[in-house]
Every structure is written in C-alpha cells, then in structure tokens.
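Visitor: Let me begin by handing over the structure; questions about it come next.
The values are calculated or read from the model by the stated rules, or taken from the named source; none is laboratory data. As the structure is a computational prediction, the values presented were derived from the model and not from experiment. Every residue, glycine as well, gets a Cβ built from its backbone with ideal geometry; the counts of neighbours run over all protein chains shown. When the accessible area is computed, the model is the full protein with side chains, heavy atoms only, and any ligands, DNA or RNA have been set aside. Shrake-Rupley method; radii C 1.70, N 1.55, O 1.52, S 1.80 Å.
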Amino acid sequence: MSILVYIEHAEGSVKKTSLEAVSYAKVLSEKLSGGDVVAVALGTIAEDELSKAGNAGADKVLHIEDEKLNAGIIQAHADAVGLAYNQIGANTLVLAKSSLGDAVAARLAIKLKAALVSNVVDLPDTTAGYKVKRSIYTGKAFAETTVNKEHKILAVKKNAVDLKTDGPVASVEKVSFEIGTESFATNITSTDKATGDILLPEADIVVSGGRGMKGPENWGLIESLAKELGAGTGCSKPVSDIGWRPHHEHVGQTGVKVAPSLYVAVGISGAIQHLAGVNSSKCIVVINKDAEAPFFKAADYGIVGDAFEVLPKLTEAVKALK
C-alpha cells in the first residue's frame, strides 16, 4: 500500500519539517511493504521546491495547484488531502506535527476513520502488532500507542528523524480535485505573520534572551550571535510580556515550542514553562551569571558569566571558525 505525505509550505518554500516527514515515510515504506511514497502539495509552489520531496524520499509528488489553497484554510486542506489519499489507495498518512498539521490530521482521522498518533518520534514496532512511540508530557516521557485500525495517520515530531537528501528527483503530477465550496466557507480577512530571516518553528538553531539582557536596547548582542550562527531569535515570556520583544518570539509552553539542533539561552533562569517549550532541543547551551539558575540542570553545556562579556567573545569565536 502507498503512503501519502502532506507537505506544508511557507510562501512557496517547502518546510523542512515536511521533508523530514517524507524521509520518515520512505523508511517506513521500506520497513513495511515497499509501496510508493507519494507527497501531496497544495497551492502555489515552484517545481524546484517540489523536487526537494524527491530528494527526501518521495517517489512522486501530487501538486494541487489551486490558489485558493494558499490561505491555509483547514477544511479545504483536509478535503484536498483526503481526496488524494483515496485516489492513490493509501493506508497511511504521514505529516509533520504543526498547528496546521494537527488541525488537518484531526479532521482526516474522522473522514478516513483512521487512527491518529501525534508527536511520533520513531518508526512503528511491528514485531507484535503495530506500536508507535510518541513523546508526551511536553517531552518529559515517551508512550507506546497500539494502533489497531487499517488506516493510520502519523504526525511526526520535528527533528525526530534524519532528513534524507540523496534521493532521486521525483516526478511532479499536477492534479485537480473537485473541492466543494463549503470547504472554503471560512473567510480570512487578514493575516498577521511573524517576520524575520529565519522563523522560529523552522529554525535549526535558536538564540534566546531573557530579562538578564536588561533591556531591548541590548538585543543587538543576541541578534549578532544569531546572525553568525544562521539562527532564529527568541525570548522568554517575561521579555515579550513587558514589550521588549514581539510575542511571536516568545519561546515556551504557552508560546512557540521549538526543537532545534542547538538552543542557546542567554540570561534566562529556566522556569518550567520555558523548559517545556525547548526540552526537545538536541543540544542546549545556557549562559547566565547566576550559577544556581535552574536552566543549568537541563543544559548540555553551561557558561557562568556576564552575558555582556560572553556574547561578544562568543560571536567573535564563531566568526573566526567561519
């Protein structure tokens, strides 16, 4: 049976998390039946962007090139993906866990009468049934979920799998489905998007600052290090609450949850709500002048020192390495 992968994009650029989902589906297909991995992309996307799905492991890409799908209306995306799923005769849908992905997956679980497992971090164990390992309690523990239904939806957690980049170019097939007008009943009047060269949900490296930075006028130190690292910038909740930084940079349980390869926390004490939003990071570096800061307990590396002395030296060291 084929596996369908739902691909998300931002302004026509395929998201890295979706490519990770394609790579996961490819390894899953090889483990199970060896069926085709078919990706489905919605809206306006350049063909060279779609070809990345082939490099990640897709055998074919279905492109539903309908401009109305660019708005990301959940009902319309769920209907379009459901039609593609039925057309290829799939029994599994794989997608990246995200705000849009979660909403689409929930609707499709009902439409397809499928089992839905979210926050997936590993391939299913099929030695005795079908068990899927997933992250729970904001990354503090894992659970094994037994799936008994024929149709399955797996939402893969960011950075949980290695991204494949050496696959052959996939064929891109433009398709058109009859999506009912009721699917577009939602009317989006305006969109307020986060800005910046590297957005937090997609950033592989994140540099965040807390109240230890003493004021917004000092944020240039954070931004300089982030620029040299090719990183996104974030902040703690108190920093966004007092208006030093915009709310879309707030990292934590009630803000943006991140899972980068490297997370650098500067002047952040490490409240449990902040830790819950970053504990899926592969490597955490903490810079704080308070040696008793709770964040050090969760850090892979720690620097006890004044951020205003450490950051310029660290930035220069990164420049020298480059």
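Visitor: In terms of solvent-accessible area of protein heavy atoms at a 1.4 angstrom probe, what is the ranking of 111, 157, highest value first?
Guide: 111, 157
Visitor: Given that just one value was derived from the coordinates, which of [x] 21.5; [y] 20.0; [z] 20.9 is Kirkwood radius over Cα pairs in Å?
Guide: [z]
Visitor: Also, quick follow-up: Please state, as a whole number in µm²/s, the translational diffusion coefficient that the Stokes-Einstein equation yields for region 194-322 at 37 °C and 0.692 mPa s, with Rh defined as the Kirkwood radius across alpha carbon pairs.
Guide: The estimated diffusion coefficient comes to 232 µm²/s.
Visitor: Report the relative contact order of region 42-142, percent, no decimals, based on alpha-carbon pairs under 8 angstrom and at least 6 residues apart.
Guide: Here the relative contact order equals 17 percent.
Visitor: While we're here: In nm, what is the difference between 0.36 nm times the number of residues separating residue 87 and residue 175 and their Cα-Cα distance?
Guide: 30.6 nm
Visitor: Is there a quick way to get the dipole size of region 199-287? I mean about its Cα centre, with the Cβ of Lys and Arg at +1 and of Asp and Glu at -1; what is the value in debye to the nearest 20? Intermediate results must be reported in sequence, preceding the final value.
Guide: Working: 7 positive and 7 negative charges, 46 e Å.
Here the size comes out at about 220 debye.
Visitor: Evaluate E = 1/(1 + (r/R0)^6) for residue 188 and residue 292, where r is the Cβ-Cβ distance and R0 equals 56 Å; express this FRET efficiency to the nearest 0.05. Let's see the in-between values first.
Guide: Numbers: r = 48 Å, r/R0 = 0.85.
Calculated value: 0.75.
Visitor: Further question on the same structure: Between region 170-186 and region 14-75, how many Å separate their Cα centres?
Guide: Each part reduced to its Cα centre gives a spacing of 15 Å.
Visitor: Let me know the volume per residue of the alpha-carbon convex hull for region 1-148, in Å³.
Guide: Cα convex hull per residue, to the nearest whole number: 105 Å³.
Visitor: Dipole of region 73-223 (Lys/Arg Cβ +1, Asp/Glu Cβ -1, origin at the Cα centre): which of 213, 103, 143 lies farthest to the positive side?
Guide: 143
Visitor: Quick one: ranking 186, 127, 233, 191 by accessible area, 1.4 Å probe, largest first, what do you get?
Guide: Descending order: 127, 191, 186, 233.
Visitor: Given the whole protein assembly as supplied and a 1.4 Å probe, what does the accessible area of residue 263 come to in Å², nearest 10?
Guide: Residue 263 exposes around 0 Å² with every protein chain in place.
Visitor: In addition: If the reach is capped at under 20 angstrom between alpha carbons, list the aspartates and glutamates near residue 214, excluding any in the same chain fewer than eight residues apart.
Guide: 223, 241, 249, 290, 292, 306, 309
Visitor: Taking the Cβ of residue 320 as the centre, find all other residues whose Cβ is under 13 Å away and add up their charges (Lys, Arg: +1; Asp, Glu: -1).
Guide: +1
Visitor: Evaluate the charge dipole of the chain about its Cα centre and quote only its size in Debye, nearest 20, assuming +1 on the Cβ of each Lys and Arg and -1 on the Cβ of each Asp and Glu.
Guide: Computed about the Cα centre, the dipole is about 900 debye.
Visitor: Hey, another quick one. Taking the alpha carbon gyration tensor of region 1-62, what are the square roots of 5 times its eigenvalues, largest first, to the nearest whole Å?
Guide: 20, 10, 9
Visitor: Just from its helices, what would the mean residue ellipticity at 222 nm be for the chain, if runs of 4 or more DSSP H residues each count -39500 (n - 2.57) and the sum is divided by every residue, rounded to the nearest 500 deg cm²/dmol?
Guide: -8500 deg cm²/dmol
Visitor: Send over the semi-axes of region 118-233's equivalent ellipsoid, whole angstrom and largest first, taken as the square roots of 5 times the C-alpha gyration tensor eigenvalues.
Guide: Values: eigenvalues 250, 131, 66 Å².
They are 35, 26, 18 Å, listed from largest to smallest.
Visitor: Rounded to the nearest 10 Å², what accessible area does residue 211 show when all protein chains are kept and the probe is 1.4 Å?
Guide: For residue 211, solvent-accessible area is about 150 Å².
Visitor: Sticking with this one: Using the alpha-carbon centroid of each, what span in Å lies between region 93-154 and region 222-270?
Guide: That distance is 29 Å.
Visitor: So, one more: Take the cross-link list 60/97; 16/174; 15/149; 15/289; 16/227; 16/113 and give me the ones stretching past 25 Å between alpha-carbons.
Guide: Pairs exceeding the cut-off: 15/149; 15/289; 16/113.
Visitor: Separate question: For region 223-272, what is the convex hull volume of the alpha-carbon atoms per residue, in Å³?
Guide: Measuring per residue, one finds 87 Å³ for the Cα hull of region 223-272.
Visitor: Return the Cα extents of region 75-152 along principal axes one, two and three, sorted largest first, each rounded to a whole Å.
Guide: 34, 28, 16
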